[in-house]
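Right, one structure below, let's go through it.
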Amino acid sequence: MALHRPLLAGVLGLCAVLATPVSATAAPASPHAGGSSHHADSLRSLAAPIGLRIGTAVNTDQLASNATYRNITASQFSTVTPENVMKWEVVEPTRGTYDWAAADRLVAFAQANHQLVRGHTLVWHSQLPSWLTAAAPQMSPDELRAILRQHVIDQVTHFKGQIWQWDVVNEAFNDDGTLRDSIWLQKLGPGYIADAFRWAHQADPKAKLFYNDYNIEYTGPKSNAVYALVKSLKAQGVPIDGVGFQTHLDTQYPLPDLQSNLQRFADLRLDVAETEVDVRTTLPVTATEQSAQVAGYTQTLQACMAVKRCISYTVWGFDDGNSWVPGVFAGEGAATVYDEKFQPKAQYYALQQALELGKGAPHRTGIGAGRG
Ligand code: XIL
């Protein structure tokens, strides 16, 4: 990212002038929420001509209580991902009792605003209900496998026809490329991954089924291991449609080869998506750090745009006030494209500008369901 800094400083100055009217689009008074017309300069409108979907993770408490949050969610984005409310601990807090209410509200919001939904996530080691983590160590493999199967089938069935992309398996690998030592691996062995895709496909044959992970944006042991896995799943006829690259970046780490890495997965006849983009830095943010953050957003979006099978670009929350980063990475933040007051930052304008300048990017054809 350091390479781009001098160039971006110039670009940014220009942006700040050109983009003034757009901040009005994002302001609370914007009339765009809930309607089907979106300002021509919104991210979703700018991405539409090349068939690219721009998404955000959604905090459903904010969505219910904050009109500004709601307006921006509706007007800027063409897909939404539930940040938490489709996770197992939320949908089945007590064994055998489902609570789909918050997730259903988000799906209804998406439909009212002509948005697609990324379902997140079916099989993960984290945010599991406590009844499950408490009981799992004593369960037989058959018993645990039946529980996982039921979970995947019930959840995918509940949302059948309403989910564009499912993150079927999330974060199954360690950074060194070995499989994560989760309860799933421990009890069921590595075959749980293929099984989960088969069950999800059985429950909703039209949903696009994704493997999703972090630190796989650049080549290295983890990305290579995911590549080997998905290649072998495809070879075995397992119904996998895509790979999600979370893309949680930090200005202190370089991002050498995102585009070519996305392309090698796409060359396996898989869709790819950037699913959880944010670019954090140490606080307080210096001008140099913000330039690097701007570069990070530009680079990640341009890489997706250049790869025809990159069908969506999703930020993990759009405003710094609701970002997961400060709570997880000590001393870091400012990772999103709007500030705490919902004012667009230079990072927002960088996305807008990349879309404006990228009208010649290949048109995506992978919006519907279907494999191959
Ligand atoms: C995070 C949420 O943003 C937080 O609100 C929650 O407390 C923990 O999970 N990778 C993922 C996401 O796949 O589900 C995580 O979301 C962030 C990392």
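Quick notes
- The residue of the stretch 153-171 that is nearest to G244 (Cα to Cα), among those that are more than 16 Å from the ligand (Cβ to nearest atom) and open to solvent by less than 10 Å² (accessible area, probe 1.4 Å), is V156.
- Looking only at residues in the stretch 298-339 that are open to solvent by less than 10 Å² (accessible area, probe 1.4 Å) and among the hydroxyl-bearing types (S, T, Y), the one that is farthest from Y218 (Cα to Cα) is Y338.
- Number of the condition not met by A295 [criteria: (1) open to solvent by 10 Å² or more (accessible area, probe 1.4 Å); (2) away from the ligand (no atom under 16 Å from the Cβ)]: (1)
- Residue identified as under 20 Å from A135 (Cβ atoms), among the aliphatic types (A, V, I, L, M) and touching a helix residue (DSSP H, G or I) at 6+ places or on another chain (Cβ under 9 Å) among A200, A207, A196, A172: A196
- Subset of the stretch 172-190 that is under 28 Å from V117 (Cβ atoms) and within 16 Å of the ligand (Cβ to nearest atom) - its residue that is most open to solvent (accessible area, probe 1.4 Å): R180
- Every residue from the stretch 224-266 that is closer than 20 Å to F197 by Cα, within 16 Å of the ligand (Cβ to nearest atom) and either of a type outside the set (A, V, I, L, M, F, W, C) or touching a His at 6+ places or on another chain (Cβ under 8 Å) (or both): G242, G244, Q246
- The residues listed here are E276, E332; of these, the one that is under 26 Å from W166 (Cα atoms) and within 16 Å of the ligand (Cβ to nearest atom) is E276.
- Those residues of the stretch 214-264 which are aromatic (F, W, Y) and under 17 Å from the mean Cα position of the chain (by Cα), in sequence order: Y214, Y218, F245
The values are calculated or read from the model by the stated rules, or taken from the named source; none is laboratory data. This one's a predicted model, so the numbers in the text were calculated from it and none came from an experiment. Please note: Cβ atoms are built from the backbone with ideal geometry, for glycine as well, and neighbour counts cover all protein chains shown. All accessible areas refer to the heavy atoms of the entire protein, side chains included, with ligands and DNA or RNA removed. Shrake-Rupley method; radii C 1.70, N 1.55, O 1.52, S 1.80 Å.
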